[in-house]
Amino acid sequence: MSAWLRLHRQAFLAALRRLGTLNALVIGVALSLPAGGYALLEGLRAVAGRFALDAQVSVFLRADLKRADAEALGSTLRADRRIASVRFVPREEALKELAAVQGMSEVIGALGQNPLPDAFVVSSKPNTLEALAADLGKLPGVAHVQADAAWARRLVALAGIGRVALWLLSALLGLGLVAVTFNTIRLQILTQREEIEVSKLIGATDAFIRRPFYYLGVVQGAAGGIAAIAIVAAGLALLNREVAVLADSYGSTFRFAFLDAGDAFAVVLFAGLLGWLGAHLSVTRHLRAIDAS
Amino acid sequence: MVSYSSVAKRYPGGQEALKSVSFTLEPGELAFITGRSGAGKSTLLKLIPAIERPSAGSVIVNGQNVGALKRAAIPYLRRNIGMVFQDQKLLYDRSVFDNVMLPLAFSGHAPREAARRARAALDKVGLLGRERSNPIQLSGGEQQRLAIARAVVNRPALLIGDEPTANLDAESAARILDIFVEFNQVGVTVLIATHDQALVERYGRKVLHLEAGRIA
Ligand SMILES: Nc1ncnc2c1ncn2[C@@H]1O[C@H](COP(=O)(O)OP(=O)(O)OP(=O)(O)O)[C@@H](O)[C@H]1O
Ligand SMILES: [Mg+2]
């Protein structure tokens with residue numbers, strides 16, 4: 001092993017020895033907020049995005065409408081150029097879907113008859129959706145029209161706001177990480193002040209003195225990043241247990257996806273870089289103070 | 001090895017510690033610097049590893065003008081100079097052994113080689129049995145010997161002692177000086193500051209007597 005490598009290994013090991021679990025945990029908790037928020041937001045965005053893309057209109061027919069009239073209406077809809085697809089949902093099928101939802105079959109049984117109307121589900125481009133919905137409402141035999149995309153688009157807009165909020169939060173907590181590292185290194189330099197002074201007197205280079213502190217900053221930041229990933233993973237796993245119950249009842253397989261490997265790596269890398277920055281600021285400032293004395 | 005010409009040192013407070021000091025120390029030589037308290041002995045020694053810079057004149061160590069040395073070059077100068085400080089500067093938060101290991105850490109020695117050198121240095125000053133102790137558990141003379149072990153562990157060509165026998169009884173003081181003489185016998189250039197005139201005379205070596213910042 002070359003002397004250069006050995007010096008770095010030595011500094012790295014010293015940093016590991018001085019790494020405070022508590023500090024790493026504090027950084028981890030702080031970073032888990034934006035990281036977790038990001039994971040949640042990505043999940044919501046995926047859902048909202050899907051709805052917003054193939055914007056849907058549910059067209060509920062009058063209950064007394066004959067099936068033949070309903071089919072005629074279907075042909076009218078298919079002829080409309082604004083409409084991308086048309087799906088007929090007969091009332092029997094709607095009832096079956098509803099009965100599949102836990103606890104609903106008893107309710108339906110108690111009703112004795114099918115309360116649901118026939119319906120069409122049509123999809124179109126999101127921007128023509130509202131005008132289309134208004135037109136469809138005027139057709140004969142249509143009882144009620146519901147445009148599903150409005151809430152989805154609001155959700156997308158909300159997610160946009162959430163993203164900005166997350167960036168602000170990340171910036172703030174990133175600053176916090178730099179400050180925590182700055183202070184950790186300051187205290188470490190204070191406790192090692194004598195060793196540093198003596199070392200310089202007998203031939204230690206500035207680089208040798210600084211190196212372990214840089215490693216400590218990076219290692220502490222990265223350890224905090226790893227703790228944040230672990231916290232987010234545990235949190236999402238817990239959340240998904242509940243989400244699963246809800247999503248299954250809607251026949252959806254939706255789960256909040258865990259941060260992908262690239263994102264997780266980015267969190268650790270970013271935390272390590274901020275740790276480096278905090279160490280750099282602290283070392284530059286506090287070792288100069290020792291020099292001057 | 002060491003050559004001073006017309007060296008003056010004025011401290012920021014205005015105190016003139018040295019006024020035109022000139023002398024030469026040949027390689028392999030052993031010399032004493034004597035003088036009363038405040039005569040400027042420590043100041044003179046501190047110029048050699050560039051702990052202080054001269055205000056005037058030139059200090060040449062191993063062919064290098066130390067006063068004009070760049071900051072980045074100073075650590076490498078110091079590694080070739082073994083310095084036993086007047087206040088010893090031992091670290092009391094670690095063992096005797098780890099104190100001696102300190103200078104070896106800078107140079108990136110392999111751990112086994114470093115440990116071997118540290119033991120050899122402790123052996124030379126008779127502290128091999130105490131390597132696990134804390135320096136605080138050592139007597140004054142033993143602490144002084146530990147300081148010597150740390151100074152020589154990097155095998156410097158020049159060994160400097162600033163009052164290494166202060167506060168020691170005659171027997172312990174003689175033992176310390178004998179260690180310096182032993183290093184000198186294997187070729188190390190040695191410079192020792194002391195105010196103990198009687199002790200110095202016993203050795204019959206070169207003596208530089210400082211009086212109020214001048215060599216008398
Ligand atoms: N860092 C300093 N700042 C200002 N003045 C200093 C400093 N160090 C020493 N002096 C002054 O320089 C003069 C010489 O001091 P020096 O320490 O060299 O003497 P010395 O011969 O080593 O004395 P002693 O035998 O007590 O160790 C003294 O008057 C002292 O007050
Ligand atoms: Mg002195």
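The number of residues in the range B:82-110 that are at the interface with another protein chain (Cβ under 8 Å from one of its Cβ atoms), under 22 Å from A:Leu7 (Cβ atoms) and either open to solvent by 40 Å² or more (accessible area, probe 1.4 Å) or touching a residue at least 40 places away in the same chain (Cβ under 8 Å) (or both) comes to 6.
Could you count how many residues in the range A:253-267 are free of Cβ contacts under 8 Å to residues at least 12 places away in the same chain and either assigned to a loop (DSSP other than H, G, I, E, B) or basic (Lys, Arg) (or both)? Number of matching residues: 2. Applying a threshold of 7 Å to beta carbon distances and a minimum spacing of six or more residues, or different chains, the list of pairs starting in the range B:31-46 at a residue that is within 14 Å of chain A (Cβ to nearest Cβ) and ending at one that is open to solvent by less than 10 Å² (accessible area, probe 1.4 Å) and near ligand 2 (Cβ under 9 Å from one of its atoms) reads B:Ser42/B:Asp162; B:Ser42/B:Ala193; B:Leu45/B:Asp162; B:Leu45/B:Ala193. Filtered by the rule that a residue be farther than 21 Å from A:Ala14 by Cβ and touching a Gly at 6+ places or on another chain (Cβ under 6 Å), the range B:106-153 gives B:Ala151, B:Val152.
From the list B:Thr24, B:Thr34, the one residue that fits, being loosely packed, with under 14 Cβ neighbours inside 10 Å, closer than 24 Å to B:Tyr203 by Cα and either among the polar types (S, T, N, Q) or away from ligand 2 (no atom under 16 Å from the Cβ) (or both), is B:Thr24. Restricting A:Leu172, A:Leu190 to those that are farther than 30 Å from B:Asn80 by Cβ and within 14 Å of another protein chain (Cβ to nearest Cβ) reduces the list to A:Leu190.
Mind listing just one residue for me: the one in the range B:119-167 that is in contact with a strand residue (DSSP E or B) (Cβ under 7 Å, 6 or more places away or on another chain) and within 16 Å of ligand 1 (Cβ to nearest atom) and, of those, farthest from B:His195 (Cα to Cα)? Checked the range B:119-167; the qualifying residue farthest from B:His195 (Cα to Cα) is B:Ala147. Could you list, in sequence order, the residues of the range B:37-70 that are outside any strand (DSSP E or B), on the phi > 0 side of the Ramachandran plot and either open to solvent by 10 Å² or more (accessible area, probe 1.4 Å) or near ligand 1 (Cβ under 8 Å from one of its atoms) (or both)? The answer is B:Gly38, B:Gly40, B:Asn62, B:Gly63. Take A:Gly225 and decide whether it is open to solvent by less than 40 Å² (accessible area, probe 1.4 Å) and over 19 Å from the mean Cα position of the chain (by Cα). No; evaluated as a whole, the condition is false for this residue.
Checked against the criterion of being farther than 21 Å from B:Asn154 by Cβ and touching a Phe, Trp or Tyr at 6+ places or on another chain (Cβ under 6 Å), the candidates B:Ser6, B:Ser42, B:Ser22 yield just one match: B:Ser22. Considering only residues in the range B:182-210 that are open to solvent by less than 20 Å² (accessible area, probe 1.4 Å) and of a type in the set (Ser, Thr, Tyr), the one that is nearest to B:Leu18 (Cα to Cα) turns out to be B:Thr194. In contact (Cβ under 8 Å) with a residue 40 or more places away in the chain and closer than 15 Å to A:Ser32 by Cα: does that describe A:Gly217? When the stated conditions are applied, A:Gly217 does not pass them. So, in the range B:111-130, exactly how many residues are within 14 Å of chain A (Cβ to nearest Cβ) and among the charged types (D, E, K, R)? The total comes to 2. Condition (residue is surrounded by fewer than 20 Cβ atoms within 10 Å (Cβ to Cβ), assigned by TED's automatic domain parsing to the domain that holds B:Leu18, part of a helix (DSSP H, G or I) and among the aromatic types (Phe, Trp, Tyr)) applied to the range B:161-181: is it met by at least one residue? The answer is no; no qualifying residue exists. For the residues B:Tyr92, B:Tyr76, the requirement of being part of a loop (DSSP other than H, G, I, E, B) and aromatic (Phe, Trp, Tyr) singles out B:Tyr92.
So which residues in the range A:253-288 are of a type in the set (Gly, Ala, Ser) and within 19 Å of the chain's Cα centre (by Cα), if there are any at all? Working first, answer last.
In the first step, residues of the range A:253-288 are kept if they are of a type in the set (Gly, Ala, Ser); the result is A:257, A:261-262, A:264, A:266, A:271-272, A:275, A:278-279, A:282.
A:Ala257, A:Ala261, A:Gly262, A:Ala264, A:Ala266, A:Ala271 - these are the residues of the range A:253-288 that are of a type in the set (Gly, Ala, Ser) and within 19 Å of the chain's Cα centre (by Cα).
Of the residues A:Gly235, A:Gly217, A:Gly251, A:Gly224, the single one that is in contact with a Phe, Trp or Tyr (Cβ under 6 Å, 6 or more places away or on another chain) and not hydrophobic (A, V, I, L, M, F, W, C) is A:Gly217. The residue pairs whose first member lies in the range B:194-209 and is touching a residue at least 60 places away in the same chain (Cβ under 8 Å), whose second member is away from ligand 1 (no atom under 16 Å from the Cβ) and of a type in the set (Ser, Thr, Tyr), and whose beta carbons are closer than 7 Å, counting only pairs six or more residues apart or on different chains, do not exist in this structure.
The values are calculated or read from the model by the stated rules, or taken from the named source; none is laboratory data. Keep in mind it's a predicted model, so treat the numbers as computed, not measured. As a convention, Cβ positions derive from the backbone with ideal geometry for all residues, glycine included, and neighbour counts pool all protein chains shown. Accessible surface is based on the protein model in full, side chains and every heavy atom, while ligands, DNA and RNA are left aside. Shrake-Rupley method; radii C 1.70, N 1.55, O 1.52, S 1.80 Å.
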